[in-house]
There are 2 protein chains.
Amino acid sequence: MTIKVYGDSISGNCLKVKWVLDRLNLSYDWIETDVTSGSTRTQTFLALNPAGQVPTVVLEDGRVLAQSGAIALYFAENSDLIPADAYDRAKMFEWMFWEQYSHEPYVAVRRFHMRYMGKAAEELDPKLLERGSGALQRMEDALRGGGDWFAGPRLSLADIALVAYTRMAADGGFDLGLYPHIQAWIGRVEGELGLSPYV
Amino acid sequence: MTIKVYGDSISGNCLKVKWVLDRLNLSYDWIETDVTSGSTRTQTFLALNPAGQVPTVVLEDGRVLAQSGAIALYFAENSDLIPADAYDRAKMFEWMFWEQYSHEPYVAVRRFHMRYMGKAAEELDPKLLERGSGALQRMEDALRGGGDWFAGPRLSLADIALVAYTRMAADGGFDLGLYPHIQAWIGRVEGELGLSPYV
């Protein structure tokens, strides 16, 4: 049985899984699952993943995995997407957890409301802009003071986790022009992953 | 140089790190860092961790690590707190990411407002209760349908991550009496970690 990925193509979290699988040359079936229409809340879907979230993956043996970070780690094990050095690897985890806790809930959520729910900036909790901008500034500072990648000497799961919603940040009213190091890094990641610039 | 842990003893995220270090018999200095008084927002602290969050760890060689999950993974590597089986290990990651995204922002945040900010239930966003209860119900269902532990055949980092705020949930107005399997599991985790019941 082929790996099945239940994912919504508009979701950065789902794209992270797609990019990891593509990078590793693993074949899979992508089952487009529209979050906005409630497809993750049906009885059938909840039986697969009681959290009602995408991405959800069904492995070749039928077992199920959820959470983009966990899925990425499972497939990328023993690949160069995970740094060999223990400290670099820990920094990769640090950025992955930080992205889910301190970046995604602001940058991705503001984008979702503005681009997909048709909300105007004035209708939104001002914390989304403030904290999202803070998260982007923190990435800019890290890149200005560091190397080309977030953890270790080459592209890792940290870059993949961080780039997903960062490259889409303009959808949420964030001005990437303020962050030149982030812009250059997005170009590097897109180059590695063979992606066209996000529009 | 001894490992330094900057942590606030009222924070479940910080206690996770303490429990892992204690379990592994690693020695460390605990530097009590009061979140409520702004100690994580000083220039000195931000130079250590620009995210301004605890736990923050300074390793023996002076390098810094943040994010409870990343710190726990760094120290627990090659210990039995990380399941040997690849799928069990992925489930451990799944629960760790899920806890930070779908449990802590509701269960821990409601507790913080009620117990430490002196807020009444009526003043709080009703989503905190609704989603926090949903998270607890999901854990109850997983334990009812599964084994004694969240990932693999024994205590893992998944249990440590999940137990931290779950055992304190009553502080946030959640009734653990509704979740008998969670209550039994909390007892098992506390037994393994040598903790007294939380009051």
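Structure data summary
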read-out	value
Complete set of residues in region A:174-199 that are assigned to a loop (DSSP other than H, G, I, E, B) and surrounded by 21 or more Cβ atoms within 10 Å (Cβ to Cβ)	A:Phe174, A:Tyr179
Test for A:Glu94: is it in a helix (DSSP H, G or I) and either buried (at least 20 other Cβ atoms within 10 Å of the Cβ) or of a type outside the set (Ser, Thr, Tyr) (or both)	yes
All positions within region A:111-156 that are aliphatic (A, V, I, L, M) and in a loop (DSSP other than H, G, I, E, B)	A:Met117, A:Ala120, A:Leu124, A:Ala151, A:Leu155
Index of the failed condition, A:Arg41 passing every other in (1) under 20 Å from B:Leu65 (Cα atoms); (2) modelled with pLDDT under 95; (3) charged (D, E, K, R)	(1)
Output for region A:157-173, where each listed residue is among the aliphatic types (A, V, I, L, M) and in a helix (DSSP H, G or I)	A:Leu157, A:Ala158, A:Ile160, A:Ala161, A:Leu162, A:Val163, A:Ala164, A:Ala169, A:Ala170
Qualifying residue in region A:124-134 (condition: surrounded by 12 or more Cβ atoms within 10 Å (Cβ to Cβ), without any contact (Cβ under 8 Å) to a residue 60 or more places away in the chain, touching a helix residue (DSSP H, G or I) at 6+ places or on another chain (Cβ under 7 Å) and not aliphatic (A, V, I, L, M))	yes
Restricting region A:7-53 to residues that are under 20 Å from A:Glu99 (Cα atoms) and part of a loop (DSSP other than H, G, I, E, B), the residue that is farthest from the chain's Cα centre (by Cα)	A:Ala51
Residue, nearest to A:Val20 (Cα to Cα), within region A:40-66, restricted to residues that are among the charged types (D, E, K, R) and more than 9 Å from chain B (Cβ to nearest Cβ)	A:Glu60
Which listed residue, of A:Val64, A:Val57, is over 20 Å from A:Thr166 (Cβ atoms) and touching a Ser or Thr at 6+ places or on another chain (Cβ under 8 Å)	A:Val64
Qualifying positions in region B:144-160 - crowded, with 20+ Cβ neighbours inside 10 Å and within 21 Å of A:Arg63 (Cβ to Cβ)	B:Trp149, B:Phe150, B:Ala151, B:Gly152, B:Ser156, B:Leu157, B:Ala158, B:Asp159
Out of A:Thr56, A:Thr33, A:Thr42, sole residue that is more than 21 Å from B:Lys91 (Cα to Cα) and in contact with a strand residue (DSSP E or B) (Cβ under 8 Å, 6 or more places away or on another chain)	A:Thr33
Those residues of region A:54-71 which are outside any loop (DSSP other than H, G, I, E, B), hydrophobic (A, V, I, L, M, F, W, C) and out of contact with any Lys or Arg (no Cβ under 6 Å at 6 or more places or on another chain), in sequence order	A:Val57, A:Val64, A:Leu65, A:Ala66, A:Ala70, A:Ile71
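Yes/no matrix, rows are residues, columns are (1) surrounded by 24 or more Cβ atoms within 10 Å (Cβ to Cβ); (2) without any contact (Cβ under 8 Å) to a residue 40 or more places away in the chain; (3) assigned to a helix (DSSP H, G or I); (4) more than 7 Å from chain A (Cβ to nearest Cβ):
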residue: B:Asp80; (1), (2), (3), (4): no, no, no, yes
residue: B:Arg89; (1), (2), (3), (4): no, no, yes, yes
residue: B:Glu99; (1), (2), (3), (4): yes, no, yes, yes
residue: B:Glu104; (1), (2), (3), (4): no, no, yes, yes
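The values are calculated or read from the model by the stated rules, or taken from the named source; none is laboratory data. As the structure is a computational prediction, the values presented were derived from the model and not from experiment. Cβ atoms come from the backbone with ideal geometry, glycine included; neighbour counts cover every protein chain shown.
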